[in-house]
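Visitor: The following block contains the structure, expressed as structure tokens.
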Amino acid sequence: DAGVIQSPRHEVTEMGQEVTLRCKPISGHNSLFWYRQTMMRGLELLIYFNNNVPIDDSGMPEDRFSAKMPNASFSTLKIQPSEPRDSAVYFCASSLEYDQPQHFGDGTRLSIL
Amino acid sequence: AQKVTQAQTEISVVEKEDVTLDCVYETRDTTYYLFWYKQPPSGELVFLIRRNSFDEQNEISGRYSWNFQKSTSSFNFTITASQVVDSAVYFCALRSYNTDKLIFGTGTRLQVFP
């Protein structure tokens, strides 16, 4: 079975550009999570969806960040405009039920120059 | 407030040594779930185990074992006869029964030398 699929794996772009990260959760999973990992702050939950509805976006750092889940098989995390401090690894994860483990994608390594 | 503490930032051992990674958690909930994840140098996060708060039985899976003690709010992870492939960052995480939100510890970097 396919796991969580993220794209791109790596992204290098200049400050001010729009960045879109994509995620396809495991089929049948009804919760989807976006995390950011940095050396300074570790793993931070940015936002999560349940049945395509955003439940908690308190971790989204600024209005420059937005996330959507238009259907059960696709989500995007957008940064506009991007800044160098947004450089991090962004993970998407999905889970079946609230008490089930989250399964992570391979992450997107984002570098903003 | 919920919190997960992994006091060991980095551990180095020689192959075949046993090693224990500590995890201490804080929660006011009576029902909660605990997890361990492994992040190898390649970067992905791999789920290892889930434990619910009502199940204090220790678990063994091959060289891996987990010791859950509610009395001390700890969920420690032991690798027996460590191998170089065990080198990774290991994260402990906590989730309350009524939320999907995972609270991660800061991780323990394990280096196993040949």
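Coordinate-derived values only; no laboratory data. Predicted model, so just to flag it, every value in this text is computed and none were measured. Virtual Cβ from ideal backbone geometry, glycine too; neighbours counted across all protein chains shown.
Visitor: How much length is gained on full extension from A:Ala2 to A:Ser27, taking 0.36 nm per residue of separation minus their Cα-Cα distance?
Guide: Values: separation 25, 0.36 × 25 = 9.00 nm, distance 0.82 nm.
Residue separation times 0.36 nm, minus the Cα-Cα distance, leaves 8.2 nm.
Visitor: For Cα pairs less than 8 Å apart in space and 6+ apart in sequence, what is the mean separation divided by the residue count of region A:1-54, i.e. the relative contact order in percent?
Guide: Working: 57 pairs, mean separation 14.8, N = 54.
With pairs under 8 Å counted, the relative contact order is 27 percent.
Visitor: Using each residue's phi in region A:15-24, evaluate 6.51 cos²θ - 1.76 cosθ + 1.60 at θ = phi - 60° and report the 3J(HN,Hα) Karplus result to the nearest Hz, with x for Gly and Pro.
Guide: Once θ is set to phi - 60°, the couplings for region A:15-24 become 3, x, 7, 7, 10, 10, 9, 10, 8, 10 Hz.
Visitor: Let me ask you something else. Sum up the charges of everything whose Cβ sits under 10 Å from the Cβ of A:Phe49, counting Lys and Arg as +1 and Asp and Glu as -1, but leave A:Phe49 out. Write down the numbers at each step before the final one.
Guide: Details: positive: A:Lys68; negative: A:Asp56, A:Asp57, B:Asp100.
Here the count lands on -2.
Visitor: Pairs of Cα atoms under 8 Å, at least six residues apart: use those to get the relative contact order of region A:56-113, whole percent. Could the numbers behind the result be given before it?
Guide: Values: 66 pairs, mean separation 15.9, N = 58.
Relative contact order of region A:56-113: 27 percent.
Visitor: Taking loop as defined by DSSP and a crowding limit of 14 other beta carbons within 10 Å, which GluC sites (Glu not before Pro) in region B:34-98 fit?
Guide: Values: sites: B:Glu44, B:Glu56, B:Glu59; in loops: B:Glu44, B:Glu56.
Sparse-neighbourhood loop GluC sites (Glu not before Pro): B:Glu56.
Visitor: Find the percent of Cα-Cα distances in region A:17-79 that exceed 19 Å, and round it to a whole number. Display every interim value, and only then the final one.
Guide: Values: 554 of 1953 pairs.
For region A:17-79, the fraction of Cα-Cα distances above 19 Å is 28 percent.
Visitor: Still on this structure: Taking the alpha-carbon set of region A:5-113, what are its Rg and Dmax in Å?
Guide: Cα-based Rg and Dmax for region A:5-113 come out at 13.0, 40 Å.
Visitor: Name the residue from A:Pro101, B:Phe113, B:Val13 whose Cα lies farthest towards the positive end of the charge dipole of the protein assembly as shown, charges +1 on Cβ of Lys and Arg and -1 on Cβ of Asp and Glu.
Guide: Of the candidates, A:Pro101 comes out farthest on the positive side.
Visitor: Right, something else. So for chain B, averaging the separation of alpha carbon pairs under 8 Å that are six or more residues apart and normalising by length, what relative contact order in percent results? List each step's numbers first, then the result.
Guide: Numbers: 284 pairs, mean separation 43.6, N = 114.
Normalised by residue count, the contact order of chain B is 38 percent.
Visitor: Hey, got the average number of other protein chain Cβ atoms within 10 angstrom for residues in B:98-106? Don't skip to the answer; put the middle values down first.
Guide: Values: counts 1, 4, 17, 8, 9, 2, 6, 2, 3.
Going residue by residue through B:98-106 and averaging, the value is 6.
Visitor: Additional query: Set the bar at 28 Å for Cα to Cα. Now go through A:Lys24/B:Lys16; A:Lys24/B:Lys70; B:Lys38/B:Lys101; A:Lys68/B:Lys70; B:Lys16/B:Lys70 and name every pair that lies beyond it.
Guide: Numbers: A:Lys24/B:Lys16 39 Å; A:Lys24/B:Lys70 36 Å; B:Lys38/B:Lys101 18 Å; A:Lys68/B:Lys70 38 Å; B:Lys16/B:Lys70 30 Å.
Flagged as over cut-off: A:Lys24/B:Lys16; A:Lys24/B:Lys70; A:Lys68/B:Lys70; B:Lys16/B:Lys70.
Visitor: Another question about this same structure. Taking every residue in A:33-45, how many Cβ atoms of other protein chains lie within 10 Å of its Cβ, on average?
Guide: Values: counts 3, 0, 3, 0, 5, 0, 0, 0, 1, 7, 11, 1, 5.
The mean count of partner-chain Cβ atoms within 10 Å per residue comes to 3.
Visitor: Continuing with this model, one more query. Which residue fluctuates most in the GNM of chain B (Cα springs below 10 Å): B:Thr30, B:Thr20, B:Thr80?
Guide: Maximum fluctuation in the GNM of chain B, among the listed residues, is at B:Thr30.
Visitor: Only loop residues by DSSP count here, and only those with at most 15 other Cβ atoms within 10 Å; note down the trypsin sites (Lys or Arg not before Pro) in region A:1-79 that meet that. Please list the in-between numbers first.
Guide: Working: sites: A:Arg9, A:Arg22, A:Arg36, A:Arg41, A:Arg64, A:Lys68, A:Lys78; in loops: A:Arg9, A:Arg41, A:Arg64.
Here the sparse-neighbourhood loop sites are A:Arg9, A:Arg41, A:Arg64.
Visitor: Oh, and also: Could you tally the net charge around B:Val19, taking each other residue with its Cβ under 14 Å from the Cβ of B:Val19, Lys/Arg +1 and Asp/Glu -1? It would help to have the intermediate numbers written out before the result.
Guide: Values: positive: B:Lys16, B:Lys38, B:Arg63, B:Arg109; negative: B:Glu10, B:Glu15, B:Glu17, B:Asp18, B:Asp22, B:Asp86.
Charge balance near B:Val19 sits at -2.
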